[in-house]
Amino acid sequence: MTTGRPIRVLVVDDHPVVREGLKALLAHQPGIVVMGEVGTAEGVVGICADLRPDVVLLDLRLPGIRCRELVTAILQLKDAPSIVVISAFGSHGEVAECLNAGALGYVLKSAGGAEIVAAIRAAFNGSRYLSREAALQLAEATCIERLSSRELEVLELMADGCTNLEIARRLRISRGTAKAHVHAILGKLGVKSRTAAVALALRRGLVRR
């Protein structure tokens, strides 16, 4: 969708400091203009309909609504803008939902300005863009989401320091079955040890700290 005019961006984030930082970043980018900013989810769809931005830079976590629902509502507009989701942290299931709903980009707020600008330019041209760190986190989350409810129970007990025998007794399963669950968990998380599995689970909030 290359044109001779600037890419018109709407910044949607509930933190004023973040909005100011993004506006300052984009103000110095050739061919990009920030045409507006929004601090709440309320009215975003209407503002998009009125201002008709090319790209919406959308915070993953806005109070009162799931990002996926907002993405879906925006993309139902006539001449809908492209959407880049931006996040300070990953609820990666939510990010995947937004991408599946039609968002074209995902970058972390900790990413350099070049990453954010690249995502905006890619989305404007109809291409998907994931920053490298975001892509790695999503890939990791995909593995995590494949864990069964039983495997999550086993992972919780692993985090408590339980041996295979103790896991078997707590869950009333055989020691062999407990061992098989542990082996499956390591494989799905892409790690080689129980310690690494627990560290990853704690980092992603899968088990209690």
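Within the stretch 115-131, track down each residue that is of a type outside the set (Gly, Ala, Ser) and touching a strand residue (DSSP E or B) at 6+ places or on another chain (Cβ under 8 Å). Talk me through it step by step, then tell me what you get.
Narrowing the stretch 115-131 to residues of a type outside the set (Gly, Ala, Ser): 115-117, 120-121, 124-125, 128-130.
Glu115, Ile116, Val117, Ile120, Arg121, Phe124, Arg128, Tyr129, Leu130, listed by residue number.
Of the residues Val56, Val95, Val107, which single one is at pLDDT 95 or above and either in the same structural domain as Arg128 (by TED's automatic domain parsing) or in contact with a strand residue (DSSP E or B) (Cβ under 7 Å, 6 or more places away or on another chain) (or both)?
Details: Val95 fails: at pLDDT 95 or above; Val107 fails: at pLDDT 95 or above.
Matching residue, one of Val56, Val95, Val107: Val56.
Out of the residues in the stretch 27-44 that are among the aliphatic types (A, V, I, L, M) and under 21 Å from the mean Cα position of the chain (by Cα), state the one that is modelled with the lowest pLDDT. Break it down into steps so the answer makes sense when it comes.
Residues of the stretch 27-44 that are among the aliphatic types (A, V, I, L, M), as a first pass: 27, 32-35, 38, 41, 44.
Within this subset, residues satisfying the condition of being under 21 Å from the mean Cα position of the chain (by Cα) are 38, 41, 44.
Values: Val38: 94, Ala41: 90, Val44: 93.
In this case the residue turns out to be Ala41.
Determine, yes or no, whether Ile185 is crowded, with 16+ Cβ neighbours inside 10 Å, among the β-branched types (Val, Ile, Thr) and at pLDDT below 80. So that I can check it myself, show each step before the final result.
Values: crowded, with 16+ Cβ neighbours inside 10 Å: yes; among the β-branched types (Val, Ile, Thr): yes; at pLDDT below 80: no.
No: the conditions fail for Ile185.
Within the stretch 59-92, how many residues turn out to be modelled with pLDDT of 85 or more and farther than 17 Å from Asp14 by Cα? Let's see the steps before the verdict.
Initially, the stretch 59-92 is screened for residues modelled with pLDDT of 85 or more, giving 59-87.
Applying the additional criterion that residues be farther than 17 Å from Asp14 by Cα yields 72-82.
Of the residues in the stretch 59-92, 11 are modelled with pLDDT of 85 or more and farther than 17 Å from Asp14 by Cα.
Being touching a residue at least 60 places away in the same chain (Cβ under 8 Å) and of a type in the set (D, E, K, R) is the filter; apply it to the stretch 9-59 and report the residue that is surrounded by the most Cβ atoms within 10 Å (Cβ to Cβ).
Asp13
So which residues in the stretch 158-199 are charged (D, E, K, R) and in contact (Cβ under 8 Å) with a residue 12 or more places away in the chain, if there are any at all? Please lay out each step first, then the result.
So in the stretch 158-199, the residues charged (D, E, K, R) come out as 160, 166, 169-170, 172, 175, 179, 188, 192, 194.
Passing the criteria: Arg170, Lys179, Lys188, Arg194.
Output the residue which, of all residues in the stretch 110-140 that are within 24 Å of Val17 (Cα to Cα) and modelled with pLDDT under 80, is surrounded by the most Cβ atoms within 10 Å (Cβ to Cβ).
The residue in question is Ala134.
The values are calculated or read from the model by the stated rules, or taken from the named source; none is laboratory data. No experiment lies behind these values; they were computed from the predicted model shown. We place every Cβ from the backbone using ideal geometry, glycine too, and count neighbours over all the protein chains shown.
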